[in-house]
1. Contour minus end-to-end for A:Glu227 and A:Gln448, with contour as 0.36 nm per residue of separation and end-to-end as the Cα-Cα distance?
2. Inverting the mean 1/r over all pairs of different Cα atoms, compute the Kirkwood radius of segment C:123-258 and quote it in Å.
3. Give the average, rounded to an integer, of partner chain Cβ atoms located within 10 angstrom of each Cβ in B:249-259.
4. Taking the Cα atoms of segment C:38-340, report the difference between the largest and smallest coordinate on each principal axis, in whole Å and largest first.
5. Which listed residue (C:Val142, C:Phe219, A:Leu494) has the Cα farthest towards the positive end of the charge dipole for the protein assembly as shown, taking +1 on Lys and Arg C-beta and -1 on Asp and Glu C-beta about the Cα centre?
6. Say each of A:Glu372 and A:Asp22 gets a label point 7 Å from the Cα, pointing the same way as Cα to Cβ; how far apart are those two points in nm?
7. Amide H neighbours of A:Ser362 under 5 Å, counting only residues 5+ apart in sequence or on other chains, H built in-plane at 1.01 Å?
8. Would you calculate the convex hull of the Cα atoms in segment A:155-301 and tell me its volume per residue in Å³?
Amino acid sequence: MEQYLEFQNIGKTFPGVQALKDVSFRMDGGKIVALMGENGAGKSTLLKILSGEINDYEGKVLINGVEHHFSTPKDAINASISVIYQERQLVSQMNVMENIFMEDLPGGKFGMVNMNQLKKRTQELIDLFGINIRPTDTVGTLSVAYQQMVEIMKSYRRDSHIIAFDEPTAPLTDTEIDILFRLIKQLRDEGKIVIYVSHRMNEIFRITDEVVIMKDGRFVDKVATAETTEAELIKKMVGRDIGDTYAGLKRNEHLGDVFLELKNVTTDYVSDISLTLRKGEVLGLAGLAGAGRTETARAIFGADPIISGKMIYNGQEFRPKSPKDAIDKGIALCPEDRKEQGLILNMSICKNVSAPVLNKVSTMGAFVSRKEESAVAEKAVETYAIKTPTIDKITKELSGGNQQKVILGRWMSDKVDTKLLILDEPTKGIDVGAKAEVYRMICEFARQGIGVILISSELTEVINLCDNIIVLHNGHITGELRREEATEENVLTLAMKD
Amino acid sequence: MKKENSILRRVFEHKYFTLVLVLILIFIVFGIITGGIMFNPINIRNILNLTTITAILTCGQACVMITGEIDLSCGAVGTCGGVALGWAVTNWGLPWWVGILFGCVVGLAFGAVNALLVNQFKMESFISGIALYSVAKGLGYTFAGSIGIALTDSVLKTIGSAKIGKAIPVSVIISIAIFIIYGIILSTTKIGRKMFILGGNRTATRLVGLNPTRISYFAFMNCGLCSALAGMMYACRVFNATATGISSEQFIGVECCMLGGIMFGGGSGGMVGAFLGMMIINVFNNGLSLTGVDPYWQVACSGIILVAAMLIDFLNKKRQNKLMIAKMNAER
Amino acid sequence: MDNSRGSLWKRIVNNQVSLLVAIFIVLLVVFQIWNRNFLSGSNIITMMNSAGLYGIIAVGMAILIISGQVDLSAGYVGCLAGVLVSMFMEWYKMPWPVALVLAIAVGALCGLASAALVIYLKFPNFIATLAVANVCNGLVYVITNAASVPISNKFFMKIGGSTLGPFSSVFIITVALFVIYGFMLKFTKFGRQIYMCGGNPSAARLAGINSVKITFFAFINCGALSALAGILLASRMGVGSPMSVVGADLTAITAVVLGGIAFTGGTGTMLGAFVGVCILTAFSNALIVIGLDADFQIMATGILLIIALIIDYYRSRGRERRMKKEAKEIALRKTINKEQK
């Protein structure tokens, strides 16, 4: 019997953003279906609904025509669904066979584990997949690739009919990718439904039968891989009506001298990054998740050590050992995760704003001057229109937009004298009105002669705000575009280029 | 009419309201049970007399807890401090102030080791505290022997038992002063602010240009110093630096802090709350002994108080979360 | 990973348990040379009794740590149980089996309390067990008024105080417990589930493992075993003393960590824990035999724990670095491959 999985009118809203809207499509068994879309298109949300991690949503999930609703991930597993994420769901201290049969150890008398059975059945699986590992190998000692294969075997043992892969090839070598693809094809040939979420064009064209494209939480189209091209796919993923969002933004026409230069900078996460930044320039770092944009920013800010290459700031070589070095030189970073890394949530606006400049709001060297830090905080609230009755309000209680403004207020106060502002996903989780304010502020900063590095997954932001765009993929630079020549399509193409 | 309501409401919702209420209640209840002995000035002096050592320990622990850690080596480090003092003054014949300095150095050293283990070797602070507790305890026993070292220096003897005028012991003044000093440090100085930031969000601490390791060292070393001071004070009071010293005062600091709202996990709380917590525990214990309850019940009560304190902490957090969610929903 | 390669030496070093056994043997030899009385009959019995005491607690502690928790109340629970069992027999004239079972039940109850605090009130585990420890400590003093309770039942005293051939009875009980629990851990489904619960809690949840049940079991078990240790000590010494087993939790934790059970949970074996106990006992005893005070012992245990944890730190850091390097190399190789094409 032919199996099929169908989504009907799936919707999911998070506070402040609608992740999925009216998504409907169907996937048949015996096919490998790619799920493509930019960051924020809704792919991972959809997977989470499928795997049971999100259990309150609109719409229906049907398997073979029967509606299913999963309250917990275990329900999904019981319904023959396996989602293989990038985070391992294995116990690294245990061995292969124990992990594969984690949920269903073959038992014997007195609750004992039947070791012979366990070993035999694991070996059968290993032989079936033709992989070079032993049932008794400790999972923690296997390479990431093999760990992933153990996970695949786990889902196979569960006899899952629906198997989804979320960006599986990132940590794999070419040979390992070959093995993986062979396994995936095997799954398909047995009639299972295989979902393959990936950004890599060459892989999509190599292994998938159909492609489902999503954009901004909606379903766009489903096409047969053989009948489409890369350019067509990219076109379907982009193309938005931006309306008036970017109208009326006064850009900076005169860019100053180069004051930041990276030459072949390599860290633990990115390789061979070279870029320049001028005063008053808005430089965009574009790319998909995991491309290395945040890591580049962290290197400039001194949060991650530079292993090789040079960074030249204001004409001198600069090798920050910690963020403090960068801050002293006027570099500021608004982190991607403002709650986990940016704000001290249980502290007031005032205290958050003054955090990096305690030395400058102090009296007699050791005391924090309430008067001075209040003045700074009041100014920040006023300048950025932070909606709050008082500066002593705890930041945890603010909305996302206001929280972001607090962070901006922190770094752009008079006391800090920021010359280089790095913004990592500044409009994530913020409503439209606040976004517009942020855009205005970015342009204002640029006009004041501050160099801005803007990291954003929203292509429209990058294209409409930046003077230059650097695109990253896989930890290195794949291309550079000037403002005039940048379009959503060519940025995305570069973001997906190997 | 409206103004009255708002003042009343502000009093009710004030975070120290419950603590003050509990304190007054305990005082009155025990006062009734003991037939008024509780209120006797001599008894009041007894209550206040107990506070110095606890005060010092509480303040030291408070700083560590605010940074999000805990120091479980206090009791033994304090004992070592007392023993160090005894060695320096009695055995080596050094002047009393050198002895005190020596004890302080010992305390600081232990605090530094604790900080090293937690920051460099990424150990859980409770385990490093416990391990150091054994090390310090062993050291204390080794150098103090079973009978301890008698403190015969006259200055030290007076420190333990000095009074101003006839009624108020010096120790009370010192303990209140200590709370005030630490209260000021925590709420108005840069280092105090930095400790709150570290406890509030360790990642953010680094990303705003602060040095989490240095702040942590400060907190731990301060706690070690406080423990040593408390231990030395105790030794002065009993005229003997014993091997047990203040080891039994292991958790009093933690209890006071938690009762007082210095929540576990750091980042919030204040000395006023810790002070109130300390007074509650002191009055409670004093009441128990006045009513003739077996002194050993107090030790058992210590555990129950700890549970109660954590319960309060847990409920506080729950209530705060609820309040916040309600507020955010209201704003939408 | 090719296990069969490499000299015998390398294989011993790589396998943690065999490394520990080697260290143990070396220790024995060194101390025997130092002081010829070290391996004398009576000293061995002393060591066995000591090992027995901490060993029983270590069994419970090992399972608890593997499941991802820790218990700092073990010593005090044992002390309470020892006092209770004497009290039940002497003051309430209960027959010794009843007293025994009751005292163990009390220990289990303490474990239950700790588990409830951790699971339902979300207490951090060390605070919960510390609170329980304090309550037990206080209760002990209240019950006994700081005096010891002598035991008159001769048969009962034989349980903890007799010897079978060259082995002390306590030691035999301990070894038996290690074997039984070791068996359970290694060969039964439940044992595996304990590892999973501690090793990767979210994966365990996905696999349908009931971590609440396992946590309760681990705590209650640890409490019961601690009680047993206290009872056996009371039996051997002939008194229920309020000072008896204090500090045993630190020793048990040190032994277990030395034996390869990481604090993070999910790893380690009962055999390793057993060897850890042996090493620690031999070491502490040796300190006394060569003339150092018991106080040194306390210090040594603390220092040993710190050393064991530091070694663990370096080991896990090495692993992390290796993984990062690997990931980087793969990314690099891919870029080079692309450029070559």
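Please treat every number below as a calculation from the coordinates, not as lab data. Since the model is a prediction, treat every value here as computed from it, not as a measurement. Every residue, glycine among them, receives a Cβ derived from its backbone with ideal geometry; neighbour counts consider all protein chains shown.
1. Between A:Glu227 and A:Gln448, full extension yields 74.5 nm more.
2. Taking every pair of different Cα atoms in segment C:123-258, averaging 1/r and inverting gives 17.4 Å.
3. Average neighbour count from other chains, rounded to a whole number: 1.
4. The Cα atoms of segment C:38-340 stretch 87, 47, 33 Å along the principal axes, largest first.
5. C:Val142
6. With each label point 7 Å from Cα toward Cβ, the separation is 5.8 nm.
7. A:Ser369
8. Enclosed volume per residue, from the Cα hull, is 177 Å³.
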